[in-house]
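Asker: Would you mind keeping the following structure in view while I ask a few things?
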Amino acid sequence: MPQINLISFGQFEVDFVHKIAESVSHDYNYKVAIREGHLDLADFFDPTRRQYNANELLKMVDTLFGDSGVKSFGLFNVDLFIPILTYIFGQAFLGGRTGIASTFRLSNDRYGLANKKETLLERTIKEVNHELGHTFGLVHCHVPGCVMTSSTYVEDIDQKKSTLCSNCRAQF
Amino acid sequence: MARKISILIVDDEQSVRDSLYNWFIEDGYHVECAEHAKKALSILESESFDIVLADIKMPGMDGLEMLRRIKTLKKDSIIIVMTAFASVDTAVQALKDGAFDYVTKPFDPDDLSHLIRNATKQISLSEENEALRERVVSLENVEDIIGTSEAMSQVLREVESVAQSNSSVIITGESGTGKELIARAIHSNSSRKFFPLVSVHCGALTESLLESELFGHEKGAFTGAMYNRKGRFEMADGGTIFLDEIATISQKMQVELLRVLETHNFIRVGGNKEISSDFRVICATNRDLKAMVDSGSFREDLYYRLNVVNIRIPPLRERSGDIPLLVDYFIRKYCNSMNRTTVSIDSAALKRLQEFDFPGNIRELENMVERAIVIGNGKKITLKDLPIRKITVPSNVESLEEIEKAHIQQVLSNHEWNITRSAKALMVDRVTLYNKIRKYDLKP
C-alpha cells in the first residue's frame, strides 16, 4: 500500500494526530505513518508580519522529509503567510510530494467563539486532505461540498465534506 | 465544461510572482508571469489572457502606463492593478484608465479569491451572452442525483430551467428525498457557481444563534464575541444561500429574513454599518408552507417572496422504478469507501426493496444498503441482510382495528422495533405507540 508521512511539528495531542492519520488513510486508501519533526521555526519567522513564511517551510519540509514514492505532510500550529497574502491555512506542491497545513487559524477560539475540539479536528482533517489532493495533482473544484473547493475563510471549511467528490475521485 | 481562464501576472518581485502563480495554479487557472511591463506586452502580443494582474510600481514602464497600452491592444481586457502603497490617487487613475479593480498588497485571501471570481463571472457572462442563441444546455454536477423515472426527469428539467435565473426557489419534499442535492445542482449550473453555496440548517439553531449565524456579529456584541465575524449572507456574496428547514424559523426571524430578501442589505448583530450582499436564496422544507400560511404560523409575504419557483421532489415510493439504479449507486459508493470488492444483490432482495414504502425515502434506502454491505457475506446482498419483514394483511380482514394492528406490526418490523423511529414514521408519539403495542399484544 502506498504511504503518506504525516510529520507533526509543534505540540499536538497524540490522539489528535492519530485521528487525522486514520481519517486520511481511510479517505485516500494510503498507509499513513506518523513522524515527529524538529525544526527551529525562528528561521522562518518574519518579524515585520509576526508570521511564518509558508513558502520557506514547505521547501524545508520537502528537503528534509521529501521522499520519492511517498507523500510528506507537515502539520504546524503557527500562523502561516505567503508574501502576497495576509495568511494561509496550508499549501502544497501541485502534483508534488509535499504539503503543509497549520491549525493556527482553524481553531474557533481564534475568532472569539467557544473552542470545540471536534470542530478543530474536522477542519484540520479537511485542510490536510485538501492540500494532499493538490499533491495528487487535483486543483480547486467547484462542486459544492467537495474537499477540493477553495476555502479562504475559516467557516468556508465547515461548508464542505472531508472527502473528494466523484469527479475528483475519478481524477485521483 | 467551462474553459480554463488565463491569468497573466506582472510584478518585479519574484516572491510575489511565485506566490500568485502557485495560488492560481491550484485554482485551476492557466497562469503566466512577466517580471516587467515590457515583457508582459510582448507576451500579450502573441497570446491572449482573460485577466492581467499587474503591479503599479515597477522599474521602467509602470503599471498605469502598461494598463493604457494593453487597453489599446485589447479594449475589453480585464486588468486588476495592485500596489504595496495604498494611494487613493493612483487607484482612481487606474480605474479611470479602465482597470477592473484595484488591490493593496498583501491581500486577504478571501478578497483575492472574491476579486478573481468577480472577474471570472464577468468573462463567463459575456461569453454566455455571445453564445446564448446556439447554446445547448446540459446539466453539470448532477452525478449524485440518480434516477431515470419520469418524476425525476421532470425535477431535472425544472432544475435546468431555473438554474440560470436569479429567482428564489423553494424545494419541497419529504425528509430524505435529497432536497440539498437539488439545491447544489441548481447552484452548480448557475452563473453563480464560481462563488460559494452556503448552507444553513435553520432547524438546528436557536433564534439568537440563527440570527448571529445569518447576519454575523461585531466584536463585543455579546459575551464571548471577541472578534468580528461574517454571517452566512455575507459569506454567500456572489453565490447562493441554501436555507434548509425554512418552516422552523421563528416569527421574528421571518420578519428579519423578509427585510434582507427585499433589500439584500443587513446589519451584523451589535453593529451599525449596513452590509450589502448579492446572493440567491434557495429554501427547502418537508412541511406544507401554504397550510402554515393559512394557519398563521408562516408569514404570507415571506412565503410569496420565497415561492417564486417551487420544485417538488417525489417521495421514493412514487418512483420505485429508480430503486435498482439507486441500490447499484449506493453499493458502489459504500464498497468503494469501505475498500471492498463490489457486491451484487439478488433478485428477491431487490424485489422486496421495490415493494417497500420507504417512509424515510432515499436516506432510509441508503442506510439499508450500507447496513447490508456491513453485515452481509461480502458477495451478495440477500433478503436476510435487509431489515424488512414482509407482513401481509389477511385478505379476509376488513375491520379497521385489524388493519391498524397489521400496519403497526409492519412499521415496527421495518424499523427493527425501534420505538422512536417507528412512532415518527406512524406520526404518533411514543406513548401512543406503546399503548397500541399493549392493546394488540404485538411482539417482535
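Asker: In the range B:320-358, what count of residues is obtained for those that are open to solvent by 60 Å² or more (accessible area, probe 1.4 Å) and in a loop (DSSP other than H, G, I, E, B)? First the steps, then the outcome.
Answerer: At the first step, the residues of the range B:320-358 found to be open to solvent by 60 Å² or more (accessible area, probe 1.4 Å) are B:325, B:328, B:332-333, B:336, B:339-342, B:347, B:351, B:354-355, B:357.
Within this subset, residues satisfying the condition of being in a loop (DSSP other than H, G, I, E, B) are B:339-342, B:357.
So the answer is 5.
Asker: Can I ask one more? For residues that are closer than 19 Å to B:ARG232 by Cα and of a type in the set (A, V, I, L, M, F, W, C), scanning just the range A:148-161, find the one that is farthest from the other protein chains (Cβ to nearest Cβ).
Answerer: Checked the range A:148-161; the qualifying residue farthest from the other protein chains (Cβ to nearest Cβ) is A:ILE157.
Asker: Report yes if some residue within the range A:76-83 is of a type outside the set (Phe, Trp, Tyr), on the phi > 0 side of the Ramachandran plot and in contact (Cβ under 8 Å) with a residue 12 or more places away in the chain; otherwise report no.
Answerer: Our first condition is that a residue be of a type outside the set (Phe, Trp, Tyr); within the range A:76-83, this holds for A:77-80, A:82-83.
Okay, now just the ones that are also on the phi > 0 side of the Ramachandran plot, so none.
Checked the range A:76-83: no residue is of a type outside the set (Phe, Trp, Tyr), on the phi > 0 side of the Ramachandran plot and in contact (Cβ under 8 Å) with a residue 12 or more places away in the chain.
Asker: Here are some conditions: (1) farther than 14 Å from B:PRO387 by Cα; (2) crowded, with 20+ Cβ neighbours inside 10 Å. B:LEU365 meets all but one. Which one does it not meet?
Answerer: (1)
Per-residue answers, yes or no, for (1) within 20 Å of the chain's Cα centre (by Cα); (2) in contact (Cβ under 8 Å) with a residue 12 or more places away in the chain; (3) surrounded by 20 or more Cβ atoms within 10 Å (Cβ to Cβ):
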residue	(1), (2), (3)
B:ALA185	yes, yes, yes
B:ARG192	yes, yes, yes
B:HIS201	yes, yes, no
B:ASN228	no, yes, no
B:GLY231	yes, yes, yes
B:GLY238	yes, yes, no
B:ILE246	yes, yes, yes
B:ILE249	yes, yes, yes
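Asker: Please enumerate the residues belonging to the range B:141-196 that are within 14 Å of another protein chain (Cβ to nearest Cβ) and of a type in the set (Asp, Glu).
Answerer: B:GLU143, B:ASP144, B:GLU180
Asker: Please enumerate the residues belonging to the range B:359-377 that are closer than 16 Å to B:SER422 by Cα and either in contact with a Gly (Cβ under 7 Å, 6 or more places away or on another chain) or not in a helix (DSSP H, G or I) (or both).
Answerer: As a first pass, look at the range B:359-377 and keep what is closer than 16 Å to B:SER422 by Cα: B:359-361, B:363-365, B:367-368.
Matches in the range B:359-377: B:PRO359, B:GLY360, B:ASN361, B:ARG363, B:GLU364.
Asker: Is it true that A:LEU113 is over 24 Å from A:VAL61 (Cα atoms) and in a loop (DSSP other than H, G, I, E, B)?
Answerer: Judged against the criteria, A:LEU113 is a match.
Table: residues versus (1) surrounded by 21 or more Cβ atoms within 10 Å (Cβ to Cβ); (2) modelled with pLDDT of 90 or more; (3) among the β-branched types (Val, Ile, Thr).
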position: A:ARG123; (1), (2), (3): yes, yes, no
position: A:VAL128; (1), (2), (3): yes, yes, yes
position: A:GLU131; (1), (2), (3): yes, yes, no
position: A:ILE157; (1), (2), (3): yes, yes, yes
position: A:SER162; (1), (2), (3): no, yes, no
position: A:ALA170; (1), (2), (3): no, no, no
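Asker: Same structure again: Answer yes if at least one residue in the range A:56-71 is closer than 24 Å to A:GLU13 by Cβ, touching a Leu at 6+ places or on another chain (Cβ under 9 Å) and of a type outside the set (A, V, I, L, M), and no otherwise.
Answerer: The answer is yes; a qualifying residue exists.
Asker: Consider the range B:58-72. How many of its residues are open to solvent by less than 10 Å² (accessible area, probe 1.4 Å) and over 40 Å from the mean Cα position of the chain (by Cα)?
Answerer: Here the count works out to 1.
Asker: Give me a count of the residues in the range A:40-52 that are open to solvent by 30 Å² or more (accessible area, probe 1.4 Å) and in a helix (DSSP H, G or I).
Answerer: 3
Asker: Which members of the range A:131-170 meet the condition of being in a helix (DSSP H, G or I) and under 19 Å from B:ARG184 (Cβ atoms)?
Answerer: Within the range A:131-170, A:GLU155, A:ASP156, A:ILE157, A:ASP158, A:SER166, A:ASN167, A:CYS168, A:ARG169, A:ALA170 qualify.
Asker: Separate question: Please state which one of B:ASP55, B:ASP27, B:ASP50 is buried (at least 17 other Cβ atoms within 10 Å of the Cβ) and closer than 15 Å to A:ILE88 by Cα.
Answerer: B:ASP27
Asker: Right, here's the next one. Given the conditions (1) surrounded by 18 or more Cβ atoms within 10 Å (Cβ to Cβ); (2) within 11 Å of chain B (Cβ to nearest Cβ); (3) within 17 Å of the chain's Cα centre (by Cα), which single one is not true for A:PRO144?
Answerer: Unmet for A:PRO144, out of (1) surrounded by 18 or more Cβ atoms within 10 Å (Cβ to Cβ); (2) within 11 Å of chain B (Cβ to nearest Cβ); (3) within 17 Å of the chain's Cα centre (by Cα): (3).
Asker: Sticking with this one: For residues in the range A:2-11 being open to solvent by 40 Å² or more (accessible area, probe 1.4 Å) and in contact with a helix residue (DSSP H, G or I) (Cβ under 9 Å, 6 or more places away or on another chain), which is farthest from A:LEU80 (Cα to Cα)?
Answerer: Of everything passing the filter in the range A:2-11, A:PRO2 is farthest from A:LEU80 (Cα to Cα).
Asker: Residues to consider are B:ARG287, B:ARG317, B:ARG259; find the one that is surrounded by fewer than 17 Cβ atoms within 10 Å (Cβ to Cβ) and within 21 Å of the chain's Cα centre (by Cα).
Answerer: Unique residue meeting the criteria: B:ARG287.
Asker: Tell me, yes or no, whether the range A:56-69 has at least one residue that is of a type in the set (Val, Ile, Thr) and over 21 Å from A:HIS134 (Cα atoms).
Answerer: No, the conditions are met nowhere in the range A:56-69.
Asker: Within the range A:116-129, is there a residue that is within 9 Å of chain B (Cβ to nearest Cβ) and in contact with a helix residue (DSSP H, G or I) (Cβ under 9 Å, 6 or more places away or on another chain)?
Answerer: No, the range A:116-129 contains no residue that is within 9 Å of chain B (Cβ to nearest Cβ) and in contact with a helix residue (DSSP H, G or I) (Cβ under 9 Å, 6 or more places away or on another chain).
The values are calculated or read from the model by the stated rules, or taken from the named source; none is laboratory data. Remember, it's a predicted structure, so these values are computed and weren't measured experimentally. Note that we place each Cβ from the backbone using ideal geometry, even for glycine, and neighbour counts take in every protein chain shown. SASA here: full protein model, heavy atoms, side chains in, ligands and nucleic acids out. Shrake-Rupley method; radii C 1.70, N 1.55, O 1.52, S 1.80 Å.
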